[in-house]
Amino acid sequence: MKLLSTKATCNSHGQDSSYFLGWEEYEKNPYDNVHNPKGIIQMGLAENQLSFDLLESWLAKNPDASGFKRDGKSIFRELALFQDYHGMPAFKQALVDFMAEIRGNKVTFDPNHIVLTAGSTSANETLMFCLAEKGEAFLLPTPYYPGFDRDLKWRTGVEIVPIHCTSSNNFQVTEQALQQAYQEAQKRNLKVKGVMVTNPSNPLGTTMSRSELNLLVDFIKENKDMHLISDEIYSGTVFSSPNFISVMEILKDRNDFNNSKDADNIFERVHVVYSLSKDLGLPGFRVGAIYSENDTVVAAATKMSSFGLISSQTQYLLSAMLGDKKFTKNYLAENLKRLKKRQNKLVSGLQKAGISCLESNAGLFCWVDMRHLLHSNTFEAEMELWKKIVYQVGLNISPGSSCHCTEPGWFRVCFANMSEETLKLAMKRLKAFVVESTGNVNGVTTKSTKRNLLTKWVFRLSSRDQRDQQEER
Amino acid sequence: MKLLSTKATCNSHGQDSSYFLGWQEYEKNPYDEVQNPKGIIQMGLAENQLSFDLLESWLAKNPDVAGFKRDGKSIFRELALFQDYHGLPSFKKALVDFMAEIRGNKVTFDPNHIVLTAGATSANETLMFCLAEQGEAFLLPTPYYPGFDRDLKWRTGVEIVPIQCTSTNNFQITESALQQAYEEAKNKNLKVKGVLVTNPSNPLGTTMSKSELNLLIDFIKDNKDMHLISDEIYSGTVFTSPSFISVMEILKERNDFKDFDADISERVHVVYSLSKDLGLPGFRVGAIYSENDMVVAAATKMSSFGLVSSQTQYLLSSMLGDKKFTKNYIFENQKRLKKRQKMLVNGLQKAGISCLETNNAGLFCWVDMRHLLNSNTFEAEMELWKKILFDVRLNISPGASCHCTEPGWFRVCFANMSEDTLNLAMKRLKDFVANSINGEGCSNNKKKTRSTQASRSFTKKSISNWVFRLSSRDHREQEER
């Protein structure tokens, strides 16, 4: 019997059980500084909660924007009826201006080349539908955001082939790794339609270097069917040097050299994805975008955006907010300042626990090196350590294996989704744990008990499917 | 070279050119009472503009809601962060209550079985992804909403096989038509995964009868892999008898009679949206309702690709949670729709044009202009449509675009304009028909009217030019339901 589609039924498998576990444990026992001071602290959510006051203050000064008014006049009807998949012109203009501002106005964007989508989750899937199909693949550098496994592959049939990056060079993309990934795709009989990167990177928290970006543009240059997608969702979170360099800037530079070979049609094969979920901390509002100089892609993606349009109520509010240049200028500067300070706190706290992380300059998290705390250089040991940290230390962090990292022992730890006090407490707990661990290897449960526990958890969770939640970037 | 996917490049084909034309002509020359009184009147948009004052009055009385406040306290942060694909609980509750209210509380819905999506467009596609795949098909009664060709088929690979309905019985579904459609699917080597109906119907503007609904349930009952999807997006627009009967009500009855297969409840799914009943297409609020846990689980995850803005969920949870408001709204809205539909029907009558007599719902009439055709062909329908667009200056939807098997039927909307504009439209139509009858005639007309010129210039070649130009400029070809 085949009542449902393959997509609907395969879905319950292939999800990383550590997410189920971590989420559920947190939900059962969430930290609250008054009501549950011993609870689990959520450090697996890449949310930006540091600058809401700036948004709220703007809203208080501009009540009309949320009250469906423009220049004191009600535009409720207009907004209620506005479902044009070309998007609200005022909002597109404000959005591209904001994107340019984030890039220091070194590049500008044409509002006619922007496609609005309900979040970058929708943007990424839509791009896959437009650029590739079953039997084809995109290459992604590891470690990468776990959600991509579903967003890029699930309904599209497109495959992901990893570009293995390692700590030997701070996980940067190398030519060799690119070639290896390409070969792997060939072996698997997959046609490579291009490369997709997240820049700044999730989970690394680093910006890509000029040479990496040029390497990628060179890579796709040769093969005229290949694309480069740059998900720049964290572009507004670059809090220290080196500055953020968008792939659009690289293209512009190369174009300026008037190298006709380069100019061929590269512009039409590079696409940028953006969203307001991280920079502005508004994941609930579902605001994403695809930017492309390729008219056919824009046309197709625009029609596909029918399946995930942004509420006109939200488009209008944000067109007003982002259209306020005084606000955006101050917001961007202040937000970065706070992110930098908060990241410093995490890094110092980790240091005090004898833990180091990848030197990072962006994002809402650190890529933390706990290899020295592993029993063995294996992913089983990573899972063991992760479970200790969830249950004993009471911190929900993201294990590197869930991000397809090739080296065990790395974890993503978020810093922008909690108060300073909570972060301090988390660091205190971690330090205590490390001191205890390194000074004491007794009292650790046996291997088999742990395996049984994990199997039980996986069984229970897949039949109850309670909170196999969304991947939080 | 294969730079883009097949889906991206095939897209520019297969779209009805009449939409491009109609839309573009309207955009070039839109009617405005003051600025452009001779312009084209838009009657191809199934929008409900009759009850905005009720919504605006509620908003004025409840200013906190749009301002991200609950009980005077700001919940902005909570909403800004809320991206749970399970949906805002208070909104789901308010929505299912509203859906039950529309159905006279004859059925109730469990909020845990609702999946929120960015509009019914998203809901329908998502259901297809969950229930079927390439090589499989859903049967749809004709005429049907043109947007389904894209929504159900484009990215999913699922096919649509039409269940041909005719005017002989007011376009109701018959057993023989169902069987014929099933056979056709088999001939095309497609596995039939079920039936999808829009009830009340777009473009017919009629509610399905109990017997039709039972027929459909009987049809899927015996084949355990088949589903029945009922898109009830217009359920709140039923303005006159017979009352709306939801498929959920039928299921409940059969359940009571113990004449059912226990798993039928798991193979019937309802789609809803606030775009028509509340007139809020811009807010992107749709939903899938299913008793099938696996469908709910899969659709919930898929809704990640089209979640409803938390800002909007909150606003509507408050509005729909106000039962005093909803009770009055539903009632008043239907009253106004009824009145407006009557105006259209009367106006058409005065022009000697009738429409489907069973019209009791929706935002449009299914209008019979067969007697105005030169011949009983779709070419003649296109000719007439162009005359109406260019000479009468009304943009209406030709039946061919809805896959109707009989030429000469048109969908004409009545709820997206003022009363005065509707009156003017009817006047123009009456004059056109009168002129057509008075000696100009259809086949004897030697005068070069604009429409004839337009007909000549819009030959097949021109149409392809249009399609090419428009798909590259991609101006305004969204399907409006």
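The values are calculated or read from the model by the stated rules, or taken from the named source; none is laboratory data. Since the structure is predicted, the reported quantities are computational estimates derived from the model, not experimental observations. Backbone-built Cβ (ideal geometry, glycine too); neighbour counts: all protein chains shown.
To keep it simple, each residue is scored yes or no on (1) touching a helix residue (DSSP H, G or I) at 6+ places or on another chain (Cβ under 6 Å); (2) farther than 28 Å from A:S277 by Cα; (3) buried (at least 19 other Cβ atoms within 10 Å of the Cβ).
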| position | (1), (2), (3) |
| --- | --- |
| A:A333 | no, no, no |
| A:L346 | no, no, yes |
| A:G363 | yes, no, yes |
| A:D369 | no, no, no |
| A:F379 | yes, yes, no |
| A:C403 | no, no, yes |
| A:T422 | no, no, no |
| A:K428 | no, yes, no |
| A:A432 | no, yes, no |
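Just give me the residues in the range A:17-40 being hydrophobic (A, V, I, L, M, F, W, C) and more than 14 Å from chain B (Cβ to nearest Cβ), in sequence order. Spell out how you get there, then give the answer.
As a first pass, look at the range A:17-40 and keep what is hydrophobic (A, V, I, L, M, F, W, C): A:20-21, A:23, A:34, A:40.
Within the range A:17-40, A:L21, A:V34, A:I40 qualify.
Considering the range A:82-104, and only residues there that are among the charged types (D, E, K, R) and away from chain B (no Cβ under 14 Å), the residue that is nearest to the chain's Cα centre (by Cα) turns out to be A:R103.
For every residue, the table says whether it meets (1) in contact (Cβ under 8 Å) with a residue 60 or more places away in the chain; (2) touching a strand residue (DSSP E or B) at 6+ places or on another chain (Cβ under 9 Å); (3) not small (G, A, S).
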site: B:A118; (1), (2), (3): yes, yes, no
site: B:T121; (1), (2), (3): yes, yes, yes
site: B:L139; (1), (2), (3): no, yes, yes
site: B:K153; (1), (2), (3): no, yes, yes
site: B:T166; (1), (2), (3): yes, no, yes
site: B:N169; (1), (2), (3): no, no, yes
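The C-beta contact set for the range A:200-225 (first residue within 18 Å of A:N255 (Cβ to Cβ), second residue assigned to a helix (DSSP H, G or I) and of a type in the set (S, T, Y), distance under 6 angstrom, 6+ apart or interchain) is empty.
For the range A:302-314, which residues satisfy the criterion of being aliphatic (A, V, I, L, M) and assigned to a helix (DSSP H, G or I)?
Of everything in the range A:302-314, just one residue is aliphatic (A, V, I, L, M) and assigned to a helix (DSSP H, G or I), namely A:M304.
Of the residues making up the range A:207-227, those that are in contact with a Phe, Trp or Tyr (Cβ under 9 Å, 6 or more places away or on another chain) and surrounded by fewer than 24 Cβ atoms within 10 Å (Cβ to Cβ) number 2. Only one of the listed residues (A:M304, A:M226) is at the interface with chain B (Cβ under 8 Å from one of its Cβ atoms), among the aliphatic types (A, V, I, L, M) and closer than 17 Å to A:L152 by Cβ. That residue is A:M304. Does A:K224 meet the test of being farther than 23 Å from A:S360 by Cα, at pLDDT below 95 and either in contact with a strand residue (DSSP E or B) (Cβ under 8 Å, 6 or more places away or on another chain) or part of a loop (DSSP other than H, G, I, E, B) (or both)? So A:K224 fits the description; yes.
Condition check: among the hydrophobic types (A, V, I, L, M, F, W, C) and either within 14 Å of chain B (Cβ to nearest Cβ) or part of a strand (DSSP E or B) (or both). Does A:V107 satisfy that? Judged against the criteria, A:V107 is not a match. For the structure I just gave you, tell me whether B:K28 is surrounded by fewer than 21 Cβ atoms within 10 Å (Cβ to Cβ), of a type in the set (K, R) and in contact (Cβ under 8 Å) with a residue 24 or more places away in the chain. So B:K28 fails the test. Filtering the range A:309-325 for residues that are small (G, A, S), buried (at least 23 other Cβ atoms within 10 Å of the Cβ) and in contact (Cβ under 8 Å) with a residue 24 or more places away in the chain leaves a non-empty set. Quick check: anything in the range A:293-301 part of a helix (DSSP H, G or I), within 13 Å of chain B (Cβ to nearest Cβ), surrounded by fewer than 16 Cβ atoms within 10 Å (Cβ to Cβ) and of a type in the set (D, E)? Among the residues of the range A:293-301, at least one is part of a helix (DSSP H, G or I), within 13 Å of chain B (Cβ to nearest Cβ), surrounded by fewer than 16 Cβ atoms within 10 Å (Cβ to Cβ) and of a type in the set (D, E), which makes the answer yes.
Residues of the range B:391-427 being in a strand (DSSP E or B) and either touching a Leu at 6+ places or on another chain (Cβ under 9 Å) or not small (G, A, S) (or both), which ones? B:L394, B:N395, B:P398, B:W409, B:F410, B:R411, B:V412, B:C413, listed by residue number.
No other residue among A:E47, A:E78 is out of contact with any helix residue (DSSP H, G or I) (no Cβ under 8 Å at 6 or more places or on another chain) and either in contact (Cβ under 8 Å) with a residue 24 or more places away in the chain or not assigned by the TED database to the domain that holds A:G394 (or both) apart from A:E78. Whenever a residue of the range B:328-350 is within 27 Å of B:W58 (Cβ to Cβ), its partners that are among the acidic types (D, E) and buried (at least 20 other Cβ atoms within 10 Å of the Cβ), lying with C-beta atoms within less than 8 angstrom and at least six residues away or across chains, give the pairs B:I330/B:D277; B:N333/B:D277. Residues in the range B:131-172 that are at positive phi and more than 14 Å from chain A (Cβ to nearest Cβ): B:N170, B:F171.
The residue that is nearest to the chain's Cα centre (by Cα), counting only those in the range A:48-78 that are farther than 26 Å from A:G363 by Cβ, more than 7 Å from chain B (Cβ to nearest Cβ) and assigned to a loop (DSSP other than H, G, I, E, B), is A:N62. Give the residues of the range B:162-182 that are closer than 16 Å to B:K210 by Cα and in contact with a Pro (Cβ under 8 Å, 6 or more places away or on another chain), sorted by residue number. Scanning the range B:162-182 gives B:F171, B:I173. Between A:M128, A:M43, the distinction of being out of contact with any Pro (no Cβ under 9 Å at 6 or more places or on another chain) and more than 9 Å from chain B (Cβ to nearest Cβ) belongs to A:M43 only.
So, A:S120, is that one surrounded by fewer than 21 Cβ atoms within 10 Å (Cβ to Cβ), outside the structural domain of A:G363 (by the TED database), modelled with pLDDT of 95 or more and of a type in the set (S, T, Y) or not?
Details: surrounded by fewer than 21 Cβ atoms within 10 Å (Cβ to Cβ): no; outside the structural domain of A:G363 (by the TED database): yes; modelled with pLDDT of 95 or more: yes; of a type in the set (S, T, Y): yes.
No.
Filtered by the rule that a residue be out of contact with any Lys or Arg (no Cβ under 9 Å at 6 or more places or on another chain) and more than 7 Å from chain B (Cβ to nearest Cβ), the range A:277-291 gives A:D279, A:L280, A:V287, A:G288, A:I290, A:Y291.
Restricting attention to the range B:1-19 and to residues that are assigned to a helix (DSSP H, G or I) and farther than 30 Å from A:N265 by Cα, the residue that is modelled with the highest pLDDT turns out to be B:S18.
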